[in-house]
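So the structure is just underneath, and the comments pick up after that.
The values are calculated or read from the model by the stated rules, or taken from the named source; none is laboratory data. Values in this document were obtained by computation on a predicted structure and should not be read as measured data. In this analysis, Cβ positions are derived from the backbone assuming ideal geometry, glycine residues included, and neighbour counts consider all displayed protein chains. Quick note on the areas: whole protein, heavy atoms, side chains included, nothing else; ligands and nucleic acids left out. Shrake-Rupley method; radii C 1.70, N 1.55, O 1.52, S 1.80 Å.
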Amino acid sequence: MIGNNVSHSNRRTKREFAPNLHTKRFWLEEEQRFITLKVSAAGLRTIYKNGLSATLKDAQEKGLVNLV
């Protein structure tokens, strides 16, 4: 998403709004291994709420994640 930085004197310069991404390791209990995902802060909340397995299954059905 693109927007403007607005200074105190009201000058406007272009800026980019980047998603709040984090690289995080999760323990996948079914496979007894860690997986590394780059997830947003909202994605982390979803994983903590629904669990990693359910979230990964839902993401695979939507075509968002490819697990090898």
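Overview of values
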item	result
Test: residue in region 3-16 that is at pLDDT below 95, surrounded by 12 or more Cβ atoms within 10 Å (Cβ to Cβ) and outside any helix (DSSP H, G or I)	no
Of residues in region 23-44 being under 12 Å from the mean Cα position of the chain (by Cα) and aliphatic (A, V, I, L, M), the one most open to solvent (accessible area, probe 1.4 Å)	Ala42
Condition met for Ile47 (modelled with pLDDT under 95 and surrounded by 10 or more Cβ atoms within 10 Å (Cβ to Cβ))	no
Residue count for region 54-68, restricted to those that are part of a helix (DSSP H, G or I), among the small types (Gly, Ala, Ser) and exposed (fewer than 13 other Cβ atoms within 10 Å of the Cβ)	1
